[in-house]
Structure formats: structure tokens, C-alpha cells
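Step one of this worksheet: look at the structure below.
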Amino acid sequence: MAKDYSRTQRLGEQIKRDLAQMLQFQVKDPRLGLVTLNAVKVSTDLGYADIYFTVMKPGMPEADDETIRETEIVLNDMAGFLRTELAREMKTRITP
């Protein structure tokens, strides 16, 4: 019963919630459209995390490839800022 919901899954859910709030309230980049975080997979040693997201373009049901690539570039550019802010929020020894 204890292994049903592991620490890495709980940490992944916390990262997803915190990042979603940061993207909504703290990030003011006009190139960033509507981004939805789908899942966060944290490695077993808590060294890194893979974040899966979906991009939606206002007025259209799906975003085109150019919008997705631009959003990915913007998110990769602000990865350092997001990780620093996440480390302040989470208070863990290692922030993936």
C-alpha cells in the first residue's frame, strides 16, 4: 500500500502545480501563449524532471508547428528562472 503513490510521483505533482501557477501569474512573456502542463516525470534520484506540455492558440482548436516550436524555445530560455523560483517554493534539498 505504501508504494502505490511514491515520493517521485508526489514531487512531480507538486512541481506541476507550482509551475502552472508561475506560468500563469509570474511570467510576462508575450511570446508565450496558452500552455497547459500535462505531466511531470521525476527521475528516481530526483536529479531531473521531464515536463510535458500542450500549447493552444487562441481562436484555434490546435496550435501549428511553428507556435509549438516557439513556445518550446521560450520555455527552454526561461528554464533557469523557473527552476530558481521552483527551488524557493519547494524547499527540497535537490530541485529537479
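The values are calculated or read from the model by the stated rules, or taken from the named source; none is laboratory data. Fair warning: this is a prediction, and the values are worked out from it, not measured in the lab. Heads up, the Cβs are rebuilt from the backbone with ideal geometry, glycines too, and the neighbour counts pull from every protein chain shown. Accessible surface is based on the protein model in full, side chains and every heavy atom, while ligands, DNA and RNA are left aside. Shrake-Rupley method; radii C 1.70, N 1.55, O 1.52, S 1.80 Å.
With Thr84, Thr95, Thr71 as the choices, which residue is among the β-branched types (Val, Ile, Thr) and open to solvent by 50 Å² or more (accessible area, probe 1.4 Å)?
Thr84
Is one or more of the residues making up segment 1-14 open to solvent by 100 Å² or more (accessible area, probe 1.4 Å), aromatic (Phe, Trp, Tyr) and not in a loop (DSSP other than H, G, I, E, B)?
Step one: list which residues in segment 1-14 are open to solvent by 100 Å² or more (accessible area, probe 1.4 Å), which gives 1, 3-5, 7, 10.
Now drop any that are not aromatic (Phe, Trp, Tyr), which leaves 5.
Going one step further and asking which of them are not in a loop (DSSP other than H, G, I, E, B), we end up with none.
The answer is no, given that none of the residues of segment 1-14 is open to solvent by 100 Å² or more (accessible area, probe 1.4 Å), aromatic (Phe, Trp, Tyr) and not in a loop (DSSP other than H, G, I, E, B).
Quick one: in segment 62-96, of everything that is within 21 Å of Phe25 (Cβ to Cβ), part of a loop (DSSP other than H, G, I, E, B) and modelled with pLDDT under 90, which residue is farthest from the chain's Cα centre (by Cα)?
Only one residue fits best here, namely Lys91.
What is the one condition in (1) in contact with a strand residue (DSSP E or B) (Cβ under 7 Å, 6 or more places away or on another chain); (2) in contact (Cβ under 8 Å) with a residue 60 or more places away in the chain that Leu86 does not satisfy?
(1)
Please go through segment 26-74 and pick out each residue that is over 30 Å from Arg93 (Cβ atoms) and of a type in the set (Ser, Thr, Tyr).
Selection gives Thr54, Thr67, Thr71.
Return the residue satisfying two criteria in turn: it lies in segment 38-61 and is of a type in the set (Gly, Ala, Ser) and in contact (Cβ under 8 Å) with a residue 40 or more places away in the chain, and of such residues it is nearest to Val27 (Cα to Cα).
Within segment 38-61, the subset of a type in the set (Gly, Ala, Ser) is 39, 43, 47, 49, 59.
Within this subset, residues satisfying the condition of being in contact (Cβ under 8 Å) with a residue 40 or more places away in the chain are 43, 47, 49.
Working: Ser43: 26, Gly47: 24, Ala49: 20 Å.
Residue satisfying both the conditions and the ranking: Ala49.
Do you know which of the residues in segment 45-60 that are outside any strand (DSSP E or B) and of a type in the set (A, V, I, L, M, F, W, C) is modelled with the highest pLDDT?
The selected residue is Leu46.
Checking the conditions here, which among Gly59, Gly47 is open to solvent by less than 100 Å² (accessible area, probe 1.4 Å), at positive phi and more than 12 Å from the chain's Cα centre (by Cα)?
Gly59
In segment 28-44, what residues are modelled with pLDDT of 90 or more and open to solvent by 100 Å² or more (accessible area, probe 1.4 Å)?
Lys41
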